[in-house]
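Here is the structure we will look at, set down as structure tokens.
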Number of protein chains: 4
Amino acid sequence: MADIANIVADIAAEMAAAPHRGKVADYIPALARVDIGRFGIAVILADGTVHVGGDADIPFSIQSVSKVFMLTIALGRVGDALWRRVGREPSGSAFNSIVQLESEHGIPRNPFINAGAIVVSDIVLQGSDVRSAAGDLLRFLRFLADDDSIVIDREVAESEAQTGFRNYALANYIKAFGNLRNPVEDTLQLYFNQCGIAMSCRQLAAAGRYLMLDGRHPATGQQVVTARRARRINAVMLTCGHYDGSGEFAYRVGIPGKSGVGGGILAVVPGEASIAVWSPGLNERGNSQLGSLALERLSEATGWSIFNPPV
Amino acid sequence: MADIANIVADIAAEMAAAPHRGKVADYIPALARVDIGRFGIAVILADGTVHVGGDADIPFSIQSVSKVFMLTIALGRVGDALWRRVGREPSGSAFNSIVQLESEHGIPRNPFINAGAIVVSDIVLQGSDVRSAAGDLLRFLRFLADDDSIVIDREVAESEAQTGFRNYALANYIKAFGNLRNPVEDTLQLYFNQCGIAMSCRQLAAAGRYLMLDGRHPATGQQVVTARRARRINAVMLTCGHYDGSGEFAYRVGIPGKSGVGGGILAVVPGEASIAVWSPGLNERGNSQLGSLALERLSEATGWSIFNPPV
Amino acid sequence: MADIANIVADIAAEMAAAPHRGKVADYIPALARVDIGRFGIAVILADGTVHVGGDADIPFSIQSVSKVFMLTIALGRVGDALWRRVGREPSGSAFNSIVQLESEHGIPRNPFINAGAIVVSDIVLQGSDVRSAAGDLLRFLRFLADDDSIVIDREVAESEAQTGFRNYALANYIKAFGNLRNPVEDTLQLYFNQCGIAMSCRQLAAAGRYLMLDGRHPATGQQVVTARRARRINAVMLTCGHYDGSGEFAYRVGIPGKSGVGGGILAVVPGEASIAVWSPGLNERGNSQLGSLALERLSEATGWSIFNPPV
Amino acid sequence: MADIANIVADIAAEMAAAPHRGKVADYIPALARVDIGRFGIAVILADGTVHVGGDADIPFSIQSVSKVFMLTIALGRVGDALWRRVGREPSGSAFNSIVQLESEHGIPRNPFINAGAIVVSDIVLQGSDVRSAAGDLLRFLRFLADDDSIVIDREVAESEAQTGFRNYALANYIKAFGNLRNPVEDTLQLYFNQCGIAMSCRQLAAAGRYLMLDGRHPATGQQVVTARRARRINAVMLTCGHYDGSGEFAYRVGIPGKSGVGGGILAVVPGEASIAVWSPGLNERGNSQLGSLALERLSEATGWSIFNPPV
């Protein structure tokens, strides 16, 4: 992989010039005004080497990518008991999740769709309050990324709350089935806070390193999670990380990843690399158009795919 | 992996004695009368070494495992044009597939649910007849497994046809949307023939070797499919190979696999192993209860999981 | 009601000239080639007076209107036991019926959607054969209408069979749940025969007289069905007779009725009138565009609505 | 109808002793503690004669019966423009309404399911505030019933708000599609207020008189609504007034009616009678078990059914 620097540079160049960039999420002003011309990439290898390209140091709203870190915290709190309140199957339906909640009695299909992430937030909030729980998440991200500059974008969090009627519907619906323990408003405030976290590609790739390293923090060697849990979080990312485009992403890219409506994707090649890409334009499944394409190019150029024999 | 022989023997012993064995499929007599006490395993390593345990040489009805091989043939015939007629997303719904067909206008979600496999059969049948097309599949399996004794169990195929009202419903429904080209009866006859193929674990693991070897036949070195196609078939197996238990299987086992209602599972560790397990009792998702457990044990003991760093 | 003749004439004149006539069903050639300019109406009062307008003597394909008569026969055969195999609730969903069959385990919602009518045909067929059962229906209609010239249009019946993939899907699906007793092919042949019956407005209105007369045949005074059963068939027509447009028809017209894809509607004002209208163009719910409008005009002009105080 | 007094007395006696009384709604304490032994009936004839039986003067929570009066008010405010925001088709699905909202983009099927009634409340609230709008409804009911003692049960209204997570989900979901104009909290407060109205059978039957009298108030002769609108409200009650048991009620009883989870039913025989029954035990469709049975008995004994020829 002597030429990884070149590969990253080539991808950044191609994406900077790409004509078809998808459509920026426009349901809140703070996302709608992001420049669709942006593209960033950061690749951190297992040995700690960092390769970046494009707008790798510009913070963006990580949105649903935060679900990976909240799941990690919640599993740390309650262990496998979490799976009694959230499933781990792909939602796999063009019907979206509120239909599924009805037929499956308030148990969301997986922690990476909104309904499931709301239950995960409810678990993290348990015995605490919104401010403290949001602080816990922020400290965890700063620790994982070795970077104290990560913050929550207040404007984004507040806009999410003001326009989040569908999330209010989901949360109330789950509550009606008895699968939320805290007041709906509190759980959602935490959820909106996590959506509002702003990180750059460099920071996000750094935060994801434990998932490529059998659960270890690279600086301290400390186990953030057990190797088994790291492996299993990667599995859930692969099957559920791109909403109803998860099968397509596995087929084309073959790397566990989690996307967010802000245009970011965290992708993890076990033992090899932690990768973050960002481009705000989304495809019709709600995943970053150029982010997906960049990861497909990267997989092709490096041979990184969990469906390949080890390189 | 010096101890793989021991691992396989230990698993076979544990499964032979396992008290909870699931429930044998009983919709046709030929399946209903299979002894629930059976368990077989065959592991073929990349270097060609074969390890077997339990009832590894007893033929069983491979049923939906045949969908992997039919997909391979169909992709060989029409290439990526296949994906205009079948999706590649997990069906991911406790609602089963006929609901999805209605909302998605006759395009099945993936080639590994019945609806999708019927469309794949329709593609393989195109320009041929049922007898010839079934013969093609049989020859392909014999070639892959280097074993001319593989046959179609006529009793099973005929029973499938006589009781397959749900499959007739699916096929007619797809036909109503214009997504079958042959007469419903012909396409289904081919489909029932493929379900009736009988293979042992040893034969099935042998047939699956090309998927661990970047698409190459181990004896001749010939590319059965390109490396990219082998990788992509593995990806579809991981996200869609166990019906609505695919996420669970990825989470627990972490190996691409395809199960059948006869109790068999083909599992592929890229670059490492082609594995077949068989035990006729099914869990509540319709996948082999002990077959799934055996693969979980094997993954734990060997470290084989595509979500682990390479061993 | 001295001026009913004038009302009928006015309606016929308005409909003959109406610019928006809907869209003729085109799934079989025999329906597709019907002249969209046609409109017929026949009103038979309780005293036997007949008023006709437009193309009242031209036979058309009654299609689903036949479901009323088949339900009458089936209730005569098995009585209320019929309701263990078919419901009597509106299907009430833009999702069409195969979705409902899955969630309700093969029990169709009501006898006036295709799925339910297929079960009704299966009941009528029981202990007989297709030819005899179709003959029974034909004799029943000739008796009701006092008209031996009513026939089955063979071309229509055969075209239905050749293109009826969705009906084959429904029937096989119901069979998979054990709710068909005869071979799928036989039940469907009877169903396609009933769809192919050709009647004029005059004949259809005559055939419907028993439903306005407490179940009595007007010529003989014989009870075709009990008064209670006549009332209940009218109730099912009101809530379920126009597919997912039944609520709209009740709201606008307020008269029990059953429509068919051939453009015919039978409507019954208890104690007052038996009415048939026909115009082949359909609205977006699959009901006759001008037939519905004509009945709305008739209801307004006469005060005939079951939601009005008696006139 | 000389013996209507006897009929009512007989029904009251039978229902007082009936062994199978259904199940009292228990989602809020104020409903759960209602004595399941209660049964009341009030019949007001077109000439003003009143016949009562059982607990006809005990107030109960009218719950969803209020939807009839709110619909009347909303139609008075915005006329047929209301139907752009709510449909008038039976929901007709064992799937309940949130599924339908997703597939039909936030337009509830009809004004008599919760989702539709929430939109109706939103219309009534427009340009006003919760207190005033609730006051308007109360004044309207007092005017219709000629009875100033009708009140809102505050405990019920507040309990509804505290446990109404499913209604919060519905309202937020509708808001997400842009079909609520007021803040969710305000619209729901009005909705919970209307659910909390307490009326006796005598009061409820009195309030419903305009629907049997072509829209006229019996005391003043004033048109509360036009005759056409009265007829159409009756039509919507018939097709949609008993949730997914509307077809069954039409089949058995044949009278337009609206039920509530408090066990009350308002039923209207155009030109003949306004009827209220109450018994708190519900059947499996959520309609009063004995209330439905009492109306079936009344229909049989009197011949009152809109599907009968006029008596």
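The values are calculated or read from the model by the stated rules, or taken from the named source; none is laboratory data. Because the structure is predicted, anything quoted here is derived from the model rather than measured. So basically every Cβ, Gly included, is an ideal-geometry build from the backbone, and we count neighbours across all protein chains shown. All accessible areas refer to the heavy atoms of the entire protein, side chains included, with ligands and DNA or RNA removed. Shrake-Rupley method; radii C 1.70, N 1.55, O 1.52, S 1.80 Å.
Of note:
- Hits in region D:157-185 - residues which are surrounded by fewer than 18 Cβ atoms within 10 Å (Cβ to Cβ) and in contact with a helix residue (DSSP H, G or I) (Cβ under 7 Å, 6 or more places away or on another chain): D:Arg181
Each row is one residue, and each column tells you yes or no for (1) acidic (Asp, Glu); (2) within 20 Å of B:Gly135 (Cβ to Cβ); (3) touching a residue at least 24 places away in the same chain (Cβ under 8 Å).
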{"residue": "B:Phe177", "(1), (2), (3)": "no, no, yes"}
{"residue": "B:Val184", "(1), (2), (3)": "no, no, no"}
{"residue": "B:Leu188", "(1), (2), (3)": "no, yes, yes"}
{"residue": "B:Asn193", "(1), (2), (3)": "no, yes, yes"}
{"residue": "B:Met199", "(1), (2), (3)": "no, yes, yes"}
{"residue": "B:Arg202", "(1), (2), (3)": "no, no, yes"}
{"residue": "B:Ala207", "(1), (2), (3)": "no, yes, yes"}
{"residue": "B:Met212", "(1), (2), (3)": "no, no, yes"}
{"residue": "B:Gly215", "(1), (2), (3)": "no, no, no"}
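Every residue, every condition in (1) hydrophobic (A, V, I, L, M, F, W, C); (2) over 17 Å from D:Val269 (Cβ atoms); (3) modelled with pLDDT under 95; (4) not in a helix (DSSP H, G or I), yes or no:
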| site | (1), (2), (3), (4) |
| --- | --- |
| D:Tyr27 | no, yes, yes, yes |
| D:Ala30 | yes, yes, yes, no |
| D:Asp35 | no, yes, no, yes |
| D:Arg38 | no, yes, no, yes |
| D:Ile41 | yes, no, no, yes |
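- Qualifying residue in region B:209-217 (condition: outside any strand (DSSP E or B), of a type in the set (Lys, Arg) and more than 30 Å from A:Arg109 (Cα to Cα)): yes
- Residue satisfying all of: in region C:209-225; polar (S, T, N, Q) and touching a Lys or Arg at 6+ places or on another chain (Cβ under 9 Å); surrounded by the most Cβ atoms within 10 Å (Cβ to Cβ) among these: C:Gln223
- On inspection, B:Ala276 does not qualify as within 13 Å of another protein chain (Cβ to nearest Cβ) and not acidic (Asp, Glu).
- Applying the set (1) more than 14 Å from every other protein chain (Cβ to nearest Cβ); (2) under 27 Å from C:Gly79 (Cβ atoms); (3) open to solvent by less than 10 Å² (accessible area, probe 1.4 Å) to C:Gly263 leaves exactly one unmet item: (2).
- Condition check for C:Val124: open to solvent by less than 10 Å² (accessible area, probe 1.4 Å), within 26 Å of C:Gly178 (Cβ to Cβ) and either without any contact (Cβ under 8 Å) to a residue 40 or more places away in the chain or of a type outside the set (Phe, Trp, Tyr) (or both): yes
- Qualifying positions in region C:186-208 - assigned to a helix (DSSP H, G or I), open to solvent by less than 10 Å² (accessible area, probe 1.4 Å) and out of contact with any helix residue (DSSP H, G or I) (no Cβ under 6 Å at 6 or more places or on another chain): C:Cys201, C:Leu204, C:Ala205
- Evaluation of C:Ile174 against the conditions (1) closer than 22 Å to C:Ile150 by Cα; (2) not assigned by TED's automatic domain parsing to the domain that holds C:Val277 shows that the sole unmet condition is (1).
- Among the residues of region B:62-119, those identified as within 18 Å of the chain's Cα centre (by Cα), basic (Lys, Arg) and more than 24 Å from D:Val99 (Cα to Cα) are B:Lys67, B:Arg88.
- Summed over region B:146-156, residues that are part of a helix (DSSP H, G or I) and open to solvent by less than 10 Å² (accessible area, probe 1.4 Å) total 1.
- For region A:231-243, a tally of residues being facing chain B (nearest Cβ under 8 Å) and buried (at least 24 other Cβ atoms within 10 Å of the Cβ) returns 7.
- Screening D:Gln289 against (1) away from every other protein chain (no Cβ under 14 Å); (2) buried (at least 24 other Cβ atoms within 10 Å of the Cβ) leaves a single unmet condition, (2).
- Residue within region A:246-257 that is out of contact with any Asp or Glu (no Cβ under 8 Å at 6 or more places or on another chain) and more than 11 Å from chain B (Cβ to nearest Cβ) present: yes
- Looking only at region D:47-98, and only at residues there that are open to solvent by 10 Å² or more (accessible area, probe 1.4 Å), among the aliphatic types (A, V, I, L, M) and free of Cβ contacts under 8 Å to residues at least 60 places away in the same chain, the one that is farthest from D:Gly215 (Cα to Cα): D:Ala81
- Residue in region B:188-206 that is more than 9 Å from every other protein chain (Cβ to nearest Cβ), of a type in the set (Phe, Trp, Tyr) and over 18 Å from B:Ile152 (Cα atoms) present: no
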